[in-house]
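All remarks here apply to the structure that follows.
The values are calculated or read from the model by the stated rules, or taken from the named source; none is laboratory data. Everything numeric in this text was worked out from a predicted model, so none of it was measured. Cβ placement follows ideal geometry from the backbone for every residue including glycine, while neighbour counts extend to all protein chains displayed. Please note that ligands, DNA and RNA were not included when accessible areas were found on the heavy atoms of the full protein model with its side chains. Shrake-Rupley method; radii C 1.70, N 1.55, O 1.52, S 1.80 Å.
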Amino acid sequence: IANSKQKELLEINNQIKNTETIYQYGTRQSAEAIADEAVKAFRIEKEKGLKQPLWIAVENWDPNLYGSHPKELRKLIEESRIKMKERLKVEQNMSESQAKNVASEHIKATFDIGHANFWRKYFKGKPEDFNKWLLNEVKDLQKDGIIGHVHLSDNFGWHDEHLTPGMGNAPINEFVDEIIKGK
């Protein structure tokens, strides 16, 4: 009996070691899918002799979906770039630095300020504190080369209303200023 319990305990420990959270699983699966598409985009770019990189843009969307929070969006982009870099090193025989640069050119984020404004409904604090938090997140994403494309639309932080910029409460002017500063 002791021997079978020892084997059972060993099996349980192995299962624990090989288990990942839904967050880890989702990030890994998403990163692999994004990297796959970015590698395809890279191949098409080379086949067609395009002068500019053909890149994949992951967009922030609804706070109820993974990847919407600026930190999650960053994680998806960074993990996807790592996956693409590893594939390029093997499949294209690229150096570490060359593969890293190609991955950074081909996987970016589309940052939608209206979608980011949805986080306002979960924020505990003053509206100006929310704006400061959001703009700091944007500044960090911009500084690290994560943002490659932006969408401008406005809302009041509850729904995707696609109001004309200035008609809601998204910090659009400050967002545009931050994007321009980061270039």
Is it the case, given these coordinates, that residue 16 is open to solvent by 80 Å² or more (accessible area, probe 1.4 Å), of a type in the set (A, V, I, L, M) and over 29 Å from residue 133 (Cα atoms)? yes
Residues located in the range 98-152, provided they are open to solvent by 10 Å² or more (accessible area, probe 1.4 Å), touching a helix residue (DSSP H, G or I) at 6+ places or on another chain (Cβ under 6 Å), closer than 26 Å to residue 32 by Cβ and free of Cβ contacts under 8 Å to residues at least 40 places away in the same chain: 100, 147
Taking the criterion of being within 29 Å of residue 170 (Cα to Cα), in contact (Cβ under 8 Å) with a residue 60 or more places away in the chain, open to solvent by less than 50 Å² (accessible area, probe 1.4 Å) and part of a helix (DSSP H, G or I), would at least one residue in the range 38-61 satisfy it? no
Name the residue, out of 155, 173, that is modelled with pLDDT of 95 or more and either within 17 Å of residue 70 (Cα to Cα) or open to solvent by 70 Å² or more (accessible area, probe 1.4 Å) (or both). 173
Going through the range 62-91 one residue at a time, which ones are open to solvent by 50 Å² or more (accessible area, probe 1.4 Å), in contact with a helix residue (DSSP H, G or I) (Cβ under 7 Å, 6 or more places away or on another chain) and not charged (D, E, K, R)? 66
